[in-house]
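Undergrad: Mind looking over this structure? Questions follow.
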Amino acid sequence: MTDRLTLKLDIRPNDIGVRQVNVRSSLVVANFVAEIKDKFNLDGNLQLRLGDNGEILNPDNPLEKAGAVDGGVLVCTRIVEATGTLDEIQRGVREPFGERFQRVYLSEQRTLTEYDLAWQPAIVGRRDHNDPSNNRLLAADLEDIEDLPTVSRHHACITMKGGSFFIETIQARNPTYLDGLRLEQGLLYPLSAGSSVQVGRVSLTFHIIS
């Protein structure tokens, strides 16, 4: 076996794209993942797989034993874990953000329209005229802002856990962006005051008044 491998590394998080790398064949997969996270400033748990539909590399094995070959393609993706948000939406129960927050809201950047987020899960999307029961958790109804519908009924969701705010994209067809970063479905992303959120063609700013 060769001591080094030249690989095409397709890094999907943050849309980094394909990089050619030359690494030791004896490098442990978990250590390689740690190097990728550090070099490209990535958060969350990552995994490597052989090509798009290949098997996931065992993090405890060296690259050569995990199946990586010289000239091969490795795909780096985030490990998607259940956040519980979809279950909370299914329950349809409104929970307060807490007494420490005087106001939590979004402002639309073009018209400066403000949307108060008085409960969580706080759905950002468009009202459903055919089935009003789907609107119970809709906190920011963007229907009147859009000339053409680019926002889904349930597009994104804002929640609070442990005193910190998070945003999650609910479906993959119409993207959600946080400060220019496209969100991956099934992951919670920290949301800070002043953050820019784009759903469809609508740009919003997140605000907190404690």
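Undergrad: How large is the helix-only mean residue ellipticity at 222 nm for the chain, computed as the sum of -39500 (n - 2.57) over DSSP H runs with n ≥ 4, divided by its residue count, in deg cm²/dmol to the nearest 500?
TA: -3000 deg cm²/dmol
Undergrad: Under the rule a/c < 1.5 gives rounded, and otherwise a/b versus b/c splits prolate from oblate, where does segment 85-209 land using the Cα gyration tensor?
TA: The shape class here is rounded.
Undergrad: DSSP loop (so not H, G, I, E, B), at most 10 other Cβ within 10 Å: list which trypsin sites (Lys or Arg not before Pro) in segment 143-210 pass both filters.
TA: 173
Undergrad: How much length is gained if the chain between residue 129 and residue 182 is pulled fully straight, taking 0.36 nm per residue apart and subtracting their Cα-Cα distance, in nm to one decimal? Before the final figure, lay out each step's value.
TA: Values: separation 53, 0.36 × 53 = 19.08 nm, distance 2.85 nm.
So the chain would gain 16.2 nm between residue 129 and residue 182.
Undergrad: Starting from the Cα gyration tensor of the chain, take the square roots of the eigenvalues, sort them a ≥ b ≥ c, and report rounded, prolate or oblate (rounded when a/c is under 1.5, otherwise prolate if a/b is larger than b/c, else oblate).
TA: Here the chain falls in the prolate category.
Undergrad: Something else: Would you work out if segment 4-78 is rounded, prolate or oblate? Take a ≥ b ≥ c from the square roots of the eigenvalues of the alpha-carbon gyration tensor; rounded if a/c is under 1.5, else prolate when a/b is larger than b/c, oblate otherwise.
TA: rounded
Undergrad: Which one, 9, 48, 77, is farthest towards the positive end of the dipole of segment 4-78 when Lys and Arg carry +1 and Asp and Glu -1 on their Cβ?
TA: 9
Undergrad: So how tilted is helix 29-40 from the main axis of the chain? Cα-based, degrees 0 to 90, rounded to 10.
TA: In the chain, helix 29-40 runs at an angle near 60 degrees to the longest axis.
Undergrad: Compute, for the chain, the length of the dipole vector about the Cα centre, with Cβ point charges of +1 (Lys, Arg) and -1 (Asp, Glu) only. Units Debye, rounded to 20.
TA: Values: 23 positive and 29 negative charges, 56 e Å.
Its charge dipole is roughly 260 debye.
Undergrad: In the neighborhood of residue 107, defined by Cβ-to-Cβ distances under 12 Å, what is the net charge if each Lys or Arg adds +1 and each Asp or Glu adds -1?
TA: Residues close to residue 107 contribute a combined charge of -1.
Undergrad: Amide H neighbours of residue 170 under 5 Å, at least 5 residues apart or on other chains, H built in the peptide plane: list them.
TA: Close amide H contacts, sequence-distant or interchain: 156, 157.
Undergrad: Here is a further query. Listing 157, 76 from the residue with the fewest other Cβ atoms within 10 Å to the one with the most, what is the order?
TA: 76, 157
Undergrad: If you don't mind, there's one more thing I want to ask. Provide the gained length on full extension for the span residue 210 to residue 25, in nm with one decimal, where the gain is 0.36 nm per separating residue minus the Cα-Cα distance.
TA: Working it through step by step, the gained length comes to 61.4 nm.
Undergrad: Net charge near residue 67: determine it from the other residues with C-beta under 15 Å of the C-beta of residue 67, scoring Lys and Arg +1 and Asp and Glu -1.
TA: -2
FYI, it's all coordinate maths here, none of it is from the lab. A quick note: this is a predicted structure, and the numbers were derived from the prediction, not measured. Every residue, glycine among them, receives a Cβ derived from its backbone with ideal geometry; neighbour counts consider all protein chains shown.
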